[in-house]
1. With a cut-off of 8 Å between alpha carbons and a minimum separation of six or more residues, what is the relative contact order of the chain in percent?
2. Where the only charges are on Cβ atoms (+1 Lys, Arg; -1 Asp, Glu), what is the dipole of the stretch 50-179 about its Cα centre, to the nearest 20 debye?
3. Cα centroid distance between the stretch 24-38 and the stretch 83-139, in Å?
4. GNM, the chain, Cα, under 10 Å: largest mean-square fluctuation among S83, S169, S55?
5. The list (1) 340; (2) 134; (3) 224 gives values of volume of the Cα convex hull per residue in Å³, and only one came from this structure; which label was calculated from it?
6. Picking from V170, V82, V116, which is most flexible by a Gaussian network model of the chain using Cα springs under 10 Å?
7. At a 10 Å Cβ-Cβ cut-off, how would you order E89, E63, E4, fewest neighbours first?
8. Using 18 Å as the cut-off for backbone N distance, which residues of the stretch 70-92 belong to the label zone defined by a point 7 Å from the Cα of S55 along Cα→Cβ?
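What follows is calculated from the coordinates using simple rules that are stated; it is not laboratory data. Note that the structure is a prediction, hence the values are computed from the model and not measured. Neighbour counts run over all protein chains shown; Cβ positions are idealised from the backbone, glycine included.
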Amino acid sequence: MALEVWNTIFAGATFAVIAATAIAALIQLRHLRAGNQLNALLTFMQMWDKPDMQSHISYTHTELQPKLKDPAFLAQFREPGVSRDEHPELLVADYWEQIGAYMKYDLVDARPWLDVAAPQAIRAWNDLEPAIMSMRERFGLASFENFEYIAVRARQWIERYPNGNYPASVPRMNEMKRGT
């Protein structure tokens, strides 16, 4: 065989090896991203489940609500450096702010998070909106903008999936029971 033929065969084989390596790398990157997404979701769920966080969430649903009707209380949010010790509701807002930022920059896949936590994000926003609006009067719209982002995305999710996001191709349990 001529040298040119061997050259062509080896060039083709080299291309095939490089292409296979690139495909394997893409598959590995996809698996790595999925693993990172799952790790982030689990970390956020662990943060949510901590007793301190649950206590703060409970406070925002109950004791905080009458306080938010007091203009003097709301004025505290317009002061620089509001203490999280005196205002634990801001720890809940900080939690959602962090998740919203990660979601906004696609560091966390919004779909599984919204599937799990959309109602909680909306409820937290509704509970804390008066305090955030008071804060924005002085500090502008950037105050807790990522929290607002996740609350809006959560509302859109629920509007899109009012009955949940159950896969259409999988029968519901009541359908399975009727079939047996």
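1. Details: 115 pairs, mean separation 40.9, N = 180.
Normalised by residue count, the contact order of the chain is 23 percent.
2. On the way: 16 positive and 19 negative charges, 129 e Å.
With Lys and Arg at +1 and Asp and Glu at -1, about 620 debye.
3. Taking the Cα centre of each part, the stretch 24-38 and the stretch 83-139 sit 28 Å apart.
4. Taking springs between Cα atoms under 10 Å, the residue moving most is S169.
5. Given (1) 340; (2) 134; (3) 224, the calculated one carries the label (3).
6. In the Gaussian network model the winner is V170.
7. On the way: E89 24, E63 11, E4 8.
By the 10 Å Cβ count, ascending: E4, E63, E89.
8. 83-92
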